[in-house]
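The values are calculated or read from the model by the stated rules, or taken from the named source; none is laboratory data. This structure is a prediction, so every number in the text was calculated from the model and none was measured. Every residue, glycine among them, receives a Cβ derived from its backbone with ideal geometry; neighbour counts consider all protein chains shown.
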Amino acid sequence: MTQKGIVIRHANGNDLEWLADIMTLAFAPFCSANQRIHASDILSNQLVGSSRRIGTFVAHQHVLVAVVDGHNAGVIQIFEEKHSIIKIGLLIVAEFYRGKGVTTALFGHVEHYAAENKIRQLYCNVPSPSVDELGWLYKKGFRLTGISKDSPAKGINEYLLYKQLAVNTKVDAQNVKVVPFVMDKHGSQAMTLIFNEMSGTFDSVNPYWVNNLLNGKLHDDSTDDEDVSHIIFVSIVDGRVTGLFGATLPKSGPIMLIPLVAEDIVSFEALLIFAQDSVVVYSHKLYVHLSPNVDQLICLQRHGWTVEGLLAGVYSPTSIIQQWSYQVKQSVVTRTMRIGRVYYDAIVAGTKTIEVRIVCSEIKHYKVDELIQFEVTSQPPVLVRINAIRPYTDLKKVIATEKWQQIIPAATSQEAALSELCILIPDSGNAVEICAIEFEKV
């Protein structure tokens, strides 16, 4: 494989001395083991028919070397495990070649291999002396899931990271809307959803509790707690309620989301993002009690939530509930917007620099110079800075005034751009306020 003059090939026996030297330099700060023996083992395990064990769950090991102008520049070692995930073992680039695209070329080869072989997840462990790697990995979509202290040696901490490549969903993020809960419109579906998603885990979920929740009365009828109010939002797909979150809003202190339920991961993510954005002005912290499935746990970690504790048997004798929290960063406000994949790709490419939205409750708080993270499920977010926010009363004025090519890059005419925008914002004709948000990539 060749990329910008960088050739990627499999390692062979002639690479032993170079591999031992580069591993010694990389591991010297925290490991005194003989790296020549380690390098020899790595190369031996790559040979077809090797009798050495490479791990009970490992199906294949690959050691790839990046070559620049005939010189070895970097190495990556991957373990393809039998349950369709890849562990990155080594990732070392010689100091002279750092910042010249070698790491990107090596990692790109791994991602290509992962796509061809239907790998669902990548993961790696980064020791604290190599902490500079973390920023690069974050940009590539990895998420920090934990820190192992005194590992691999006393006084050294190891950062545990992973990148999810496949998400179990059949719902397009663009089809999900989050709207305020209305009892007459959403009550019956919301009640069914809460029972389906929470019964068996929360014994207190009964008709009385759900009725009080949906009517904004989480506390006993005999108490008059003026310090607490409750709001509810629902996610809607094709007119059907697919998720719900409620939030208690005390006059001070953290905000609890109760409940947070969804029947699919895209609705769950839409609600999570909306909660982070809509309550940012009310508190420094959000938290929630839930028993997440795998996709929900990945989503929570991806959006900066951390697990604070495990509650065994609290809501039911047979359930384990996790408390997750989100610390609101007040110094630089970063908003989050979900967007269709084609527009996400256009923002990444730099061809889309204007987003048009209905001015809902959370967008009213947006300000120039704030940041927006545009996101699609299972992809790393793209960060932009708001340059201007311009109000409009209808989409025709938007298209006539703004540079429509920067709103709908794929449109071939002004009429086509307007038609597509009307599909994206179908409610824009009902006397609502619209805004064009102009931005630049950070």
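For ASN72, are the conditions met, namely being touching a Ser or Thr at 6+ places or on another chain (Cβ under 8 Å), under 22 Å from GLN35 (Cα atoms) and not in a loop (DSSP other than H, G, I, E, B)? Taking the combined requirement at face value, the residue does not satisfy it.
Go through (1) at pLDDT 90 or above; (2) within 30 Å of ARG385 (Cα to Cα); (3) crowded, with 18+ Cβ neighbours inside 10 Å and name the single condition LEU297 misses. Going through (1) at pLDDT 90 or above; (2) within 30 Å of ARG385 (Cα to Cα); (3) crowded, with 18+ Cβ neighbours inside 10 Å one by one, LEU297 breaks only (3). Applying the set (1) without any contact (Cβ under 8 Å) to a residue 60 or more places away in the chain; (2) closer than 27 Å to ILE265 by Cβ to GLY340 leaves exactly one unmet item: (1).
Using the structure shown, decide if ALA388 is surrounded by fewer than 19 Cβ atoms within 10 Å (Cβ to Cβ), among the small types (Gly, Ala, Ser) and at pLDDT 90 or above.
When the stated conditions are applied, ALA388 passes them.
Please verify whether region 117-125 includes one or more residues that are assigned by TED's automatic domain parsing to the domain that holds VAL63, of a type in the set (Lys, Arg) and within 22 Å of ILE22 (Cα to Cα). Scanning region 117-125, I find no residue that is assigned by TED's automatic domain parsing to the domain that holds VAL63, of a type in the set (Lys, Arg) and within 22 Å of ILE22 (Cα to Cα), so the answer is no. None of ILE358, ILE273 is of a type in the set (A, V, I, L, M, F, W, C), touching an Asp or Glu at 6+ places or on another chain (Cβ under 9 Å), under 29 Å from ASN175 (Cβ atoms) and buried (at least 16 other Cβ atoms within 10 Å of the Cβ) except ILE273. Residues to consider are LEU161, LEU165; find the one that is farther than 28 Å from GLU362 by Cβ, buried (at least 18 other Cβ atoms within 10 Å of the Cβ) and modelled with pLDDT under 85. Checking each option against the conditions leaves just LEU165.
Filter region 251-274 for residues that are within 16 Å of TRP324 (Cα to Cα) and in contact (Cβ under 8 Å) with a residue 60 or more places away in the chain and give the result. The answer is PRO254, PRO259, VAL261, GLU269, LEU271, ILE273. Applying a threshold of 6 Å to beta carbon distances and a minimum spacing of six or more residues, or different chains, the list of pairs starting in region 230-250 at a residue that is without any contact (Cβ under 8 Å) to a residue 60 or more places away in the chain and ending at one that is surrounded by fewer than 24 Cβ atoms within 10 Å (Cβ to Cβ) and of a type in the set (S, T, N, Q) reads HIS230/THR248; VAL241/GLN189; LEU249/SER229.
Residue check: VAL348 meets all listed conditions (1) at pLDDT 90 or above; (2) of a type outside the set (Phe, Trp, Tyr); (3) exposed (fewer than 13 other Cβ atoms within 10 Å of the Cβ) but one, namely (3).
Please pick out the residue among VAL266, VAL307, VAL314 that is in the same structural domain as ILE194 (by TED's automatic domain parsing), of a type outside the set (D, E, K, R) and buried (at least 18 other Cβ atoms within 10 Å of the Cβ).
Going through VAL266, VAL307, VAL314 in turn, the sole match is VAL266.
Filtering region 211-254 down to residues that are at pLDDT below 90 and either of a type in the set (Val, Ile, Thr) or not assigned by TED's automatic domain parsing to the domain that holds PHE274 (or both), which residue is nearest to TYR282 (Cα to Cα)? In this case the residue turns out to be THR248.
Checking each residue in region 386-420 for being among the basic types (Lys, Arg) and in contact (Cβ under 8 Å) with a residue 40 or more places away in the chain picks out ARG390, LYS403.
For the structure I just gave you, tell me whether LYS364 is more than 21 Å from ILE265 (Cβ to Cβ) and exposed (fewer than 13 other Cβ atoms within 10 Å of the Cβ). Here the answer is yes, as LYS364 does meet what is asked. Please work out which one of (1) under 20 Å from ASN125 (Cα atoms); (2) of a type outside the set (D, E, K, R); (3) at pLDDT 90 or above is the condition VAL68 fails and give its number. For VAL68, the failing item is (1). A Cβ distance below 9 Å, combined with a sequence gap of six or more or placement on separate chains, defines the contacts here; from region 75-96, residues that are without any contact (Cβ under 8 Å) to a residue 40 or more places away in the chain and crowded, with 19+ Cβ neighbours inside 10 Å reach residues that are assigned to a strand (DSSP E or B) and acidic (Asp, Glu) in the pairs ILE86/GLU80; LYS87/GLU80; LYS87/GLU81.
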